[in-house]
Amino acid sequence: MKSKTLPIRKIAIMGMLTAVSTTLMFFEMPLPLMPPFLKLDISAVPILLAGFLFGPIEGCVIALLKALIHVFSTQTAGVGELADLLITSSFALTGGLIYRIWHSKKGVVVASVASIGVITVVGALANWFILLPFYAKAYMPYDAIISACQALNPMITDLRGYILFGVVPFNLIKGTVVAVLTIFLYGRLAGVLSAEKQLAVQKS
């Protein structure tokens, strides 16, 4: 009987976290001086919690499911969803791996803070080599992208400026918001997380 209980419980919780994350992604807001394509949402919070609860792979699965659901309502030719998948998967991988090694409240803080640095690097590299080139081909030319960004932030005059003065500060802000909310929620859900971990250990 126990062998069936854990998978069903795990699937149910992952389904709930996917639904919450998918819903939260619809509530996004622009930030001052940031490129108009970059909008802040907190949908990575349930994904980072899933990384703590089940592990990095499960967190990435939720990130993928959320991105696939949002592709059907995309306004960026799928680029926004791809960017979100890369960022939220980086959250789950970093947070989940560190939490496996350092299973405590301090570990959560370290994992959350480390995730900020990781998504900042991943976001910069992904925009430089993948996202912006693809977006420029599929949706809007480079010149139009830079012009739209420069209208909001005069420091963005080329691709390098877009990365340094747009993508990097945006992901630092987003990462900080997600990290703070995750640490706060972990404090409220610590008992649940510990119980789930104990069930996983008993199962193994």
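The values are calculated or read from the model by the stated rules, or taken from the named source; none is laboratory data. On a predicted model such as this, the values are computed, not experimentally measured, just so you know. A quick note on method: Cβ atoms are made from the backbone with ideal geometry, for glycine too, and the neighbour counts reach across all protein chains shown. For the accessible areas, the whole protein counts, side chains as well, though only heavy atoms, and no ligand, DNA or RNA atoms are used. Shrake-Rupley method; radii C 1.70, N 1.55, O 1.52, S 1.80 Å.
Details
- Residues of segment 166-201 that are surrounded by 17 or more Cβ atoms within 10 Å (Cβ to Cβ), at pLDDT below 95 and aromatic (Phe, Trp, Tyr): TYR186 alone.
- Tally of residues being over 15 Å from SER89 (Cα atoms) and open to solvent by 60 Å² or more (accessible area, probe 1.4 Å) across segment 114-157: 16
To keep it simple, each residue is scored yes or no on (1) part of a helix (DSSP H, G or I); (2) of a type in the set (Gly, Ala, Ser); (3) under 14 Å from the mean Cα position of the chain (by Cα).
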| position | (1), (2), (3) |
| --- | --- |
| ILE8 | yes, no, no |
| ALA12 | yes, yes, no |
| GLY15 | yes, yes, no |
| PRO32 | no, no, no |
| PRO36 | no, no, no |
| ILE42 | no, no, yes |
| LEU49 | yes, no, yes |
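- Top-ranked residue in segment 17-30 [being open to solvent by 60 Å² or more (accessible area, probe 1.4 Å) and assigned to a helix (DSSP H, G or I); ranked as farthest from ILE57 (Cα to Cα)]: THR23
- In segment 69-167, counting only helices (runs of 4 or more DSSP H) that sit wholly within it, the ones holding 2 or more residues that are without any contact (Cβ under 8 Å) to a residue 24 or more places away in the chain and of a type in the set (Ser, Thr, Tyr) span 142-152.
To keep it simple, each residue is scored yes or no on (1) closer than 25 Å to VAL61 by Cβ; (2) of a type in the set (A, V, I, L, M).
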| residue | (1), (2) |
| --- | --- |
| LEU82 | yes, yes |
| ALA92 | yes, yes |
| LYS106 | no, no |
| ILE116 | yes, yes |
| GLN150 | no, no |
| ARG160 | no, no |
| PRO169 | no, no |
| ILE173 | no, yes |
| VAL177 | yes, yes |
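- Residues within segment 139-178 that are within 15 Å of the chain's Cα centre (by Cα) and β-branched (Val, Ile, Thr), tallied: 6
- So MET29, is it closer than 24 Å to GLY107 by Cβ, touching an Asp or Glu at 6+ places or on another chain (Cβ under 8 Å) and modelled with pLDDT of 90 or more: no
- Selection count, segment 50-93, where residues are open to solvent by 10 Å² or more (accessible area, probe 1.4 Å) and among the small types (Gly, Ala, Ser): 7
- Failed criterion for GLY55 (all others in (1) under 16 Å from LEU93 (Cβ atoms); (2) touching a Ser or Thr at 6+ places or on another chain (Cβ under 7 Å) hold): (2)
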